[in-house]
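Reading through the structure tokens given below for one structure.
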Amino acid sequence: MYYILMDLEWNQPLSHRSAQYRRYGSQLMFDIIQIGAVKLNEQMQMVGSFNQYIQPGLYRKLHPRITRITGINQEDLHGALPFTEALERFVSWCGEDFALITWGCDDINVFQQNLDFYLKDDRTMPSVYDLQRLFGMRTAGNTKNRPGLQSAMKYFHILPSIDHPFHSAVDDAYYTAKVIQHMDNPEEVLQMPQTVRELAPAKTSANETSDDLRFTNLAQAIKSRPAREPNCPACGKRLKVPEGYVPLDKHTWRALADCPDHGLVLIDMVLETMRDGKNKVKRKAALSDQQNPAYVKTKHLQWANKVAQLPK
Ligand SMILES: [Zn+2]
């Protein structure tokens, strides 16, 4: 059996207000633009690698953020294969007897969504295993710990090389392979299967969500986990609240959060009085209309000040 370490890069819509996103966003949130993979044999020796750029079929124009992170340019995708053909190439490269492994659990959700959108058949992902979970368990004793690939490299004294820049799918797959090579009993990664999570766009609109919490007062609510770890309204990813909540008025407390994919998110905890006179706290999350880096930075500084001035 071969171990295949896989990494994907994907493009995001230029705007959640774009026509494509509004029409198809609930079916496809991201277009895969690169599949990178490295194949290891059972002795954990590298026996092959795979690198394929993919022409995005829906969100054709590369988001500047994606270019910044991945180094992939519009020209790199010029003449690249469409997803279905790239997939055929990848499937035949993988062969018959393999275990697919990723670092972290985001890739398979995006992969499955691209399969559903482009293939129009019921093809599902083969089992995919999460090396990040195994590493987190070995080093921190639990699988909730989600260390980055670079900290795993540091842990094993794996040095990055200029031949393998970070955040290109094939190079990240290469470093993931390096990490698994350094692990004792690496086959235990097969005990870390992943399940596909449906990528859910926001319910109320592309940019907003609203949930009822079980709290009847704001003081309790803002200390709760839903308040401290809200979800991005666009992708559902769990976010951190770096500063904390600040009262806007008697009924609303607001915090800031940042989604790595969607930017600044405003989280409001709102106290509402129901028709029966009972109170209920709602959590509302909305992407900020303003996303330029200087604005976001200033906003965070302002929030840190406000939180610091709150009475204890
Ligand atoms: Zn997001």
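Projected label points at HIS182 and GLN150, each 7 Å from Cα along the beta carbon direction, are separated by 1.5 nanometres. Secondary-structure-derived ellipticity at 222 nm for the chain, considering helices only, amounts to -9000 deg cm²/dmol, per-run term -39500 (n - 2.57) for DSSP H runs with n ≥ 4. Based on Cα contacts under 8 Å between residues 6+ apart, segment 17-114 shows a relative contact order of 29 percent.
May I ask you to derive the FRET efficiency for ASN41 and LYS223 from their Cβ-Cβ distance with R0 = 35 Å, giving the value to the nearest 0.05?
E between ASN41 and LYS223, to the nearest 0.05, is 0.10.
Straight distance only, please: which lysines reach the Cα of LYS178 with their own Cα at less than 21 Å, same-chain residues fewer than 8 apart left out? Once the sequence-local lysines are set aside, what remains near LYS178 is LYS39, LYS154. Here the calculated FRET efficiency for LYS278 and SER26, from their Cβ-Cβ distance with R0 = 35 Å, stands at 0.55, rounded to the nearest 0.05. Length gained on full extension, ARG123 to ALA294, computed as 0.36 nm times the residue gap minus the Cα-Cα distance: 57.1 nm. Spacing of the modelled spin labels on ASN51 and LYS250, each 7 Å from Cα toward Cβ, amounts to 6.3 nm.
Taking neighbour Cβ counts within 10 Å as the exposure measure, how do ASP116, ASP130 sort from fewest upward?
ASP116, ASP130
Would you give the gap between the C-alpha center of segment 9-30 and the C-alpha center of segment 51-128, rounded to a whole Å? Rounded to whole Å, the Cα centres lie 16 Å apart.
In plain terms, the chain is cut at each of the GluC sites (Glu not before Pro) found in a DSSP loop with at most 14 other Cβ atoms within 10 Å, and the longest leftover piece is 199-312.
Of all segments of the chain bounded by chymotrypsin sites (Phe, Trp or Tyr not before Pro) found in a DSSP loop with no more than 16 other C-beta atoms within 10 Å, the longest spans 1-155.
Since every read-out is calculated from the coordinates, none of them should be taken as a lab result. This one's a predicted model, so the numbers in the text were calculated from it and none came from an experiment. Glycine also receives a Cβ, built like all others from the backbone with ideal geometry; neighbour counts cover every protein chain displayed.
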